[in-house]
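Before any comments, here is the structure.
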Amino acid sequence: MAHVQLKHVYKRFANGVVAVQDFDLQIEDGEFLVLVGPSGCGKTTTLRMIAGLASISEGELWIGDRLVNDVHPKDRDIAMVFQNYGLYPHLTAYDNMAFGLKLRKTPKAVIEEKVREAAQVLNIEHLLARKPKALSGGQRQRVALGRAIVREPQVFLMDEPLSNLDALLRAQLRTEIAKLHQRMQATVIYVTHDQTEAMTMGTRIVVMKEGVVQQVGTPQDVYNRPQNMFVASFIGAPAMNFLSGRLQVAGDEMFFQSASFQIAIPVQRQTRLREAGALNMPLILGIRPEDLIADQDIRETTDRALLPAAVERVELLGAEKHVHLRALGQSMIARVPARSEIEANSSVTLTLLNDRIHLFDALT
Ligand code: ADP
Ligand code: MG
């Protein structure tokens, strides 16, 4: 296994599109790194540059101790798994898995042993004689994973491998890939547009937007301390609620001031705002749906604000309810336990606690 390092990597296409800008990251040996972001943000291009399927316009790519910018894909010691499986239709599952080893002139008995072992891990031993058209989507992707595993590459690259599967299978294979990673201690770089996959699989997540890395961190980091509004709204479902206002400074105290409420900014959050220096600067307050407490009978203090809200719709999702609200002339969502008795067409009071709020620069 190996670490992978991208040093200030850029991809500029001939048509002028800058698909990846200044990607600068060391991916540790054995890490499961997830690149996540909306369609078109540059995930596939980044992966293709690592694989050697796309050239690097500027910057350096290191795999282990080798600078590989000009190394042919087949000499990079990586294996790639694609959304569309990429299996040879005329070959059986066995021969698909064995293909790379045969090319490398691996002895037949060794191939047999490796394919059987991978098939066992992936639970496809009974399918080895079948051709891809006789396999379901989930089975095909298992074969594709098997083909990658038997090669024992330094690095696995996976581009949305679960996106063509239905929700149940996706959840199942998600767990299996994570377990496989634990078992093999392999370096994996995994691309997805699905924040649930990113949150559940990644040892670290890289959130991208328009070719630019927005934040790198553990799933907890990115969820609890999103660095900007894009990350805050992309990670977490339902998405974070946002309210606009301004920064008020009164002596030692700082407040988030909107047209209709004021809430003290906790001391530990103030440093960054003081550094930014601008009094009265526009700010966005963010609050996650699970932190928006509805129907609490408490008094307003400087640490909390109470907002009257109208309940427009309540969705029951088994263990929890999503409450669609209207407050301060905008839509908001709260997430409450299923046992909550909040009903549509009623009024509630929302409580914003200042230790749950996120603050963002309105200009980023
Ligand atoms: P993602 O995988 O995140 O959806 P891509 O890496 O496929 O995004 O694409 C990033 C950007 O680069 C998009 O704007 C896309 O249209 C553009 N792009 C991708 N491939 C090419 C290409 N071969 N030529 C020109 N532009 C491309
Ligand atoms: Mg893509």
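Only a single item in (1) buried (at least 17 other Cβ atoms within 10 Å of the Cβ); (2) in the same structural domain as Val36 (by TED's automatic domain parsing) is not met by Phe255, and it is number (2).
One residue stands out among those in the range 208-245 that are within 14 Å of the chain's Cα centre (by Cα) and aromatic (Phe, Trp, Tyr): the one that is surrounded by the fewest Cβ atoms within 10 Å (Cβ to Cβ), which is Tyr223.
Among the residues in the range 273-292, are any in contact (Cβ under 8 Å) with a residue 12 or more places away in the chain, part of a loop (DSSP other than H, G, I, E, B) and closer than 22 Å to Ala239 by Cβ? Yes. Taken together, the criteria place Thr192 among residues that are within 16 Å of ligand 1 (Cβ to nearest atom) and of a type in the set (Ser, Thr, Tyr).
One residue is enough: does the range 78-91 have a residue meeting the conditions in the same structural domain as Leu173 (by TED's automatic domain parsing), surrounded by 14 or more Cβ atoms within 10 Å (Cβ to Cβ) and more than 24 Å from the chain's Cα centre (by Cα)? There is at least one residue in the range 78-91 that is in the same structural domain as Leu173 (by TED's automatic domain parsing), surrounded by 14 or more Cβ atoms within 10 Å (Cβ to Cβ) and more than 24 Å from the chain's Cα centre (by Cα).
Residue-wise test of (1) in contact with a strand residue (DSSP E or B) (Cβ under 9 Å, 6 or more places away or on another chain); (2) more than 15 Å from ligand 1 (Cβ to nearest atom); (3) among the small types (Gly, Ala, Ser).
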{"residue": "Ala14", "(1), (2), (3)": "no, no, yes"}
{"residue": "Phe32", "(1), (2), (3)": "yes, yes, no"}
{"residue": "Gly59", "(1), (2), (3)": "yes, yes, yes"}
{"residue": "Arg66", "(1), (2), (3)": "no, yes, no"}
{"residue": "Arg76", "(1), (2), (3)": "yes, yes, no"}
{"residue": "Val81", "(1), (2), (3)": "yes, no, no"}
{"residue": "Pro89", "(1), (2), (3)": "no, yes, no"}
{"residue": "Asp95", "(1), (2), (3)": "no, yes, no"}
{"residue": "Lys108", "(1), (2), (3)": "no, yes, no"}
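If we scan the range 170-186, do we find a residue that is touching a strand residue (DSSP E or B) at 6+ places or on another chain (Cβ under 7 Å) and assigned by TED's automatic domain parsing to the domain that holds Glu31? Checked the range 170-186: at least one residue is touching a strand residue (DSSP E or B) at 6+ places or on another chain (Cβ under 7 Å) and assigned by TED's automatic domain parsing to the domain that holds Glu31. Out of curiosity, is Ala54 buried (at least 21 other Cβ atoms within 10 Å of the Cβ), within 16 Å of ligand 2 (Cβ to nearest atom) and either of a type in the set (A, V, I, L, M, F, W, C) or at pLDDT 95 or above (or both)? No: the conditions fail for Ala54.
Counting only strands (runs of 3 or more DSSP E) that sit wholly inside the range 18-69, those with at least 2 residues that are within 30 Å of Arg183 (Cβ to Cβ) and free of Cβ contacts under 8 Å to residues at least 60 places away in the same chain are 58-63.
Being modelled with pLDDT under 95 and more than 20 Å from Val188 (Cα to Cα) holds for only one residue in Asn123, Asn96, Asn84, and it is Asn123.
The values are calculated or read from the model by the stated rules, or taken from the named source; none is laboratory data. On a predicted model such as this, the values are computed, not experimentally measured, just so you know. Every residue, glycine among them, receives a Cβ derived from its backbone with ideal geometry; neighbour counts consider all protein chains shown.
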